1. Which pairs turn up if I take residues in the range 51-63 that are without any contact (Cβ under 8 Å) to a residue 60 or more places away in the chain and of a type outside the set (Lys, Arg) and look for partners that are open to solvent by less than 70 Å² (accessible area, probe 1.4 Å) and part of a loop (DSSP other than H, G, I, E, B) with beta carbon separation below 9 Å, at least 6 apart in sequence or on another chain?
Amino acid sequence: MNIKQAKEQLKHSIRAYLARDEYGDWVIPVLSQRPLLLMGPPGIGKTAIAHQAAQECGVAMVAYTITHHTRQSAIGLPSIQTGTFGGQERKVTEYTIS
């Protein structure tokens, strides 16, 4: 996926999360919505396209960069795993620590 495609996917996700039905209820309930995670090498524009997509969709954005809060040697590669929480199966981000 290139940067342009990634930006369009972000905008699609934002619009899906903001969509309401004819009664004004969220199409995707707020409790079912999840943060969007962009993965890739540093410096390719992940944060920049996320800011652009948020601005174009008229929403605020909170960016969290794990490298700003963790020593580089302690950062593992994130992966999406399945876990059971509160009796329900959920997808979660898991980091392997070196």
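1. As it stands, the answer is 51/61; 51/63; 53/59; 53/61; 54/61; 55/61, since those pairs meet every condition given.
Residue by residue, here is whether (1) over 17 Å from residue 3 (Cβ atoms); (2) open to solvent by 90 Å² or more (accessible area, probe 1.4 Å) holds:
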residue: 22; (1), (2): yes, yes
residue: 25; (1), (2): yes, no
residue: 30; (1), (2): yes, no
residue: 37; (1), (2): no, no
residue: 44; (1), (2): no, no
residue: 49; (1), (2): no, no
residue: 56; (1), (2): no, yes
residue: 63; (1), (2): no, no
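The values are calculated or read from the model by the stated rules, or taken from the named source; none is laboratory data. Because the structure is predicted, anything quoted here is derived from the model rather than measured. Virtual Cβ from ideal backbone geometry, glycine too; neighbours counted across all protein chains shown. Just the protein is used for accessible areas: all its heavy atoms, side chains included, with ligands, DNA and RNA removed. Shrake-Rupley method; radii C 1.70, N 1.55, O 1.52, S 1.80 Å.
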